[in-house]
Amino acid sequence: MRKCILRIEGLTKIYGSTIAVVSVSFSLYQGEILGVVGESGSGKSTLVQSLYFDITPTFGKAYLNEEKKNIFELNSQEKRKLKNFDMGMVYQNPYLGLNFEITAGGNVAEKLLMADWRNYSHIRNRLTYLFEKTELPLNRMDDFPSTLSGGMQQRIQIAKALANNPKILFLDEPTSGLDLSVQARFLDLVKKIQQELRISMILVSHDLGVIRLLADRVLVMKDGRIIESGLTDQILEDPQSSYTQLLVNSML
Ligand code: ADP
Ligand code: MG
């Protein structure tokens with residue numbers, strides 16, 4: 001049995017009269033890519049941003065590595081530590097994930113500094129490694145994100161997210177702002193990284209085609225709830241709910 005890296009129980013987020021996420025429970029296992037699919041407004045971003053501590057959930061529990069402590073109850077310093085050392089995030093919008101006031105390399109170095117990297121030459125070596133790993137030209141390291149293409153900005157987000165060797169990587173619609181060919185290249189990169197580094201990932205997309213390429217298992221969300229879940233092949237071949245059938249049919 002594979003190790004459970006993250007277990008969520010009853011995650012709920014309410015904004016006034018809007019219920020963004022309702023009683024979501026699932027587990028993420030070692031080395032898998034778990035896809036989360038659903039139309040816009042179904043609660044996908046709220047879910048991953050809660051897990052990355054960007055948002056405080058209204059109710060719910062989350063456990064790391066089969067430990068007994070609910071990580072939503074940690075204090076802010078402990079949460080920051082988990083985020084800095086064990087997690088990475090790629091946001092749909094590069095403005096959320098990157099600081100546009102500092103260089104591409106600076107953005108990645110910042111994540112290393114937060115994970116207590118102090119030695120300048122180690123940081124420089126790590127930056128080179130990460131730029132190579134994410135297929136970023138080394139000569140763009142000192143350029144500002146605004147001067148880079150959308151695909152490069154997302155690859156900088158990935159380089160930054162991988163910097164601290166995270167156990168969990170969250171990807172929230174990482175390719176929805178990209179042209180199809182750039183999108184395909186980015187997804188290939190994610191797949192390669194996952195096969196090489198065996199990081200557990202939660203990949204959010206409104207596009208089942210993206211999920212199909214990468215995810216081992218899928219959660220289907222609608223109106224803040226998980227309405228269906230299973231192995232990706234199984235969901236694609238034999239979708240149970242009419243909503244999932246619609247998603248599958250619209251993909252073909
Ligand atoms: P998705 O990522 O699937 O498009 P979101 O998680 O962004 O969905 O949003 C889920 C629901 O919660 C939507 O109805 C959205 O309008 C609402 N919502 C998200 N963030 C906020 C917020 N800060 N304040 C109020 N409502 C929000
Ligand atoms: Mg979203």
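The values are calculated or read from the model by the stated rules, or taken from the named source; none is laboratory data. As the structure is a prediction and not an experimental result, all values here were calculated from the model. So basically every Cβ, Gly included, is an ideal-geometry build from the backbone, and we count neighbours across all protein chains shown. Just the protein is used for accessible areas: all its heavy atoms, side chains included, with ligands, DNA and RNA removed. Shrake-Rupley method; radii C 1.70, N 1.55, O 1.52, S 1.80 Å.
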Residues Lys68 and Met251, FRET efficiency given R0 of 41 Å [Cβ-Cβ distance, rounded to 0.05]: 0.55
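Taking the Cα centre of the chain as origin, work out the dipole magnitude from +1 charges on Lys and Arg Cβ and -1 charges on Asp and Glu Cβ, in debye rounded to 20.
740
Given just the C-alpha atoms of the chain, how large is their convex hull per residue in cubic angstrom?
132
Are there trypsin sites (Lys or Arg not before Pro) in segment 19-73 that DSSP puts in a loop and that have at most 14 other Cβ atoms within 10 Å, and which ones?
Details: sites: Lys44, Lys61, Lys68, Lys69; in loops: Lys68, Lys69.
Hits after loop and neighbour filter: Lys68, Lys69.
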Probe 1.4 Å - accessible area at Ser146, Å² to nearest ten: 80
R0 of 41 Å, Cβ-Cβ distance Asp233-Glu135: FRET efficiency to nearest 0.05: 0.90
Charge dipole (the chain, unit charges on Cβ, about Cα centre) - positive-most of Val248, Tyr63, Asn75: Asn75
Dipole magnitude (debye, nearest 20) for segment 102-164, charges at Cβ of Lys, Arg, Asp, Glu: 120
Cα long-axis angle, helix 76-86 against the chain (0 to 90 degrees, to the nearest 10): 80
Trypsin sites (Lys or Arg not before Pro) within segment 148-252: DSSP coil, no more than 13 neighbouring Cβ in 10 Å: Arg198
Partners for Lys69 among lysines (Cα-Cα distance below 17 Å; same-chain residues under 8 apart left out): Lys3, Lys61, Lys79, Lys81, Lys83
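Quick check: with the 1.4 Å probe, what order do Leu178, Leu197 take by accessible area, largest first?
Numbers: Leu178 25, Leu197 60 Å².
So the residues, ranked largest to smallest area, are Leu197, Leu178.
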Mean separation of Cα contacts under 8 Å, 6 or more apart, over the residue count of the chain: relative contact order %: 27
Mean ellipticity per residue at 222 nm, deg cm²/dmol - from DSSP H runs of n ≥ 4 across the chain, formula -39500 (n - 2.57): -12000 deg cm²/dmol
In degrees, nearest ten, helix 180-197 long axis to first principal axis of the chain (Cα): 80
Contour excess over end-to-end distance, with Cα ends at Thr128 and Thr56 and 0.36 nm allotted per residue: 22.4 nm
Label zone at Thr18, where the point sits 7 Å out along the Cα-to-Cβ direction: segment 57-99 residues whose backbone N lies under 15 Å: 58
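Subtracting the Cα-Cα distance from 0.36 nm times the residue separation, let me have the gained length for Ser76 to Ser241 in nm, one decimal. Mind dumping the intermediate values first?
Numbers: separation 165, 0.36 × 165 = 59.40 nm, distance 3.94 nm.
Length gained between Ser76 and Ser241: 55.5 nm.
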Folded to 0 to 90 degrees: helix 120-133 orientation relative to the chain principal axis, Cα: 50
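Ranked highest first by the average count of other Cβ atoms within 10 Å around their residues, in what order do 111-117, 18-24 fall? Show your work: numbers first, answer last.
Numbers: 111-117: 15.6, 18-24: 18.9.
In decreasing order of mean packing, 111-117, 18-24 become 18-24, 111-117.
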